[in-house]
Amino acid sequence: MKTQRKSIAQTKITVAQDYKLDEDNHKKANGLSDVILGGQDGLVNVLGVILGVAAATSDPGIVLVAGLAAAFAESISMGDVAYTSTMADADYYESEREREYRHIQEAPHMERDEVRSIYSKKGFSGELLDRIVDTITDNQDIWVAVMMAEEHRLSPVNRSHAFRSAIVVGLSAIIGSLIPLVPFVVMPVGLSMITSILITAMVLFIVGVYKARITVGRPWRSGLEMAVIGTVSALVGYAVGAILKVPNIP
């Protein structure tokens, strides 16, 4: 009996540590996704805007003004979206979490069977499965955390991170937005367009490689995918500008 209690206690510690590790990894992934979301969106959208404007008119002043306006509007918009989406995710997680607590209180046997079914599908059986179920359902907080992660595939969302996410996304967007604008400050419009496309593709490729290295996937493939998709998306702006080209007025 003493050995069994020790084993159950150790299982509780292991379960708690696993979920703490999952939460930490989720936070890191969120930070990376915020940087990529803001930076990539700023790069691609502003490149598309300035290519479209540059194709419609060869005036570098107009291109820069349009690009800067798009850059700052984009950064504020992306920061706002990051904030509101994080808060919405937090609201949804909390509502589902409260529902799980109600289910545990109102129908504990059914919720216990769900835990058993989840871990049975993972390959556990017999006494070990009974011990896992007993350990998880012995603590309501762990029980609910398991149901949220395993049944609903949801991770906790910290509301205090909403503002930080908005700042990270907004700053990433403004930095990404300014990158394709730099050539237009020092080069003629025609050469600036080609240079901006190349620089943007290179930056997107590097970001894709980095993302794959610290998460999953093939670095070169991830880099190429991000570079190609982003560049093609931006070229849509050029196509629109070329179609609606402003005639030169003497």
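Rounded to the nearest 20 debye, the dipole size of the chain about its Cα centre is 780 debye, using +1 on the Cβ of Lys and Arg and -1 on the Cβ of Asp and Glu.
Does the range 70-126 come out rounded, prolate or oblate by the C-alpha gyration tensor, with a ≥ b ≥ c the root eigenvalues, rounded set by a/c under 1.5 and, if not, prolate when a/b is larger than b/c and oblate if not?
oblate
Per-atom-type breakdown for the range 197-250 gives carbon and sulfur 73% of the accessible area (1.4 Å probe, protein chains only).
Per residue, the convex hull around the alpha carbon atoms of the chain comes to 152 Å³.
Helix 60-106 axis versus longest C-alpha principal axis of the chain: approximately 10°, rounded to the nearest ten. Mean separation of Cα pairs under 8 Å and 6 or more residues apart, divided by the residue count, gives the chain a relative contact order of 37 percent. Here the extension length gained between residue 84 and residue 99 equals 3.1 nm, from 0.36 nm per residue of separation less the Cα-Cα distance.
A 1.4 Å probe run over the chain, with the rest of the protein chains in place, finds 58 Å² accessible per residue. Pairs of Lys residues in the chain that lie 8 or more places apart, or on two chains, and have C-alpha atoms under 26 angstrom apart add up to 16.
With respect to the chain, whose longest principal axis is taken over its alpha-carbon atoms, helix 108-121 is tilted by about 70°.
With Cα atoms defining each centre, the range 46-122 and the range 200-250 are spaced 21 Å apart in the structure.
The values are calculated or read from the model by the stated rules, or taken from the named source; none is laboratory data. The structure presented is a predicted model; accordingly, all values stated were derived computationally and were not measured. Counting neighbours? That spans all protein chains shown, and the Cβs are built from the backbone with ideal geometry, glycine included. Heads up: the accessible areas ignore ligands, DNA and RNA and are worked out on the full protein's heavy atoms, side chains in. Shrake-Rupley method; radii C 1.70, N 1.55, O 1.52, S 1.80 Å.
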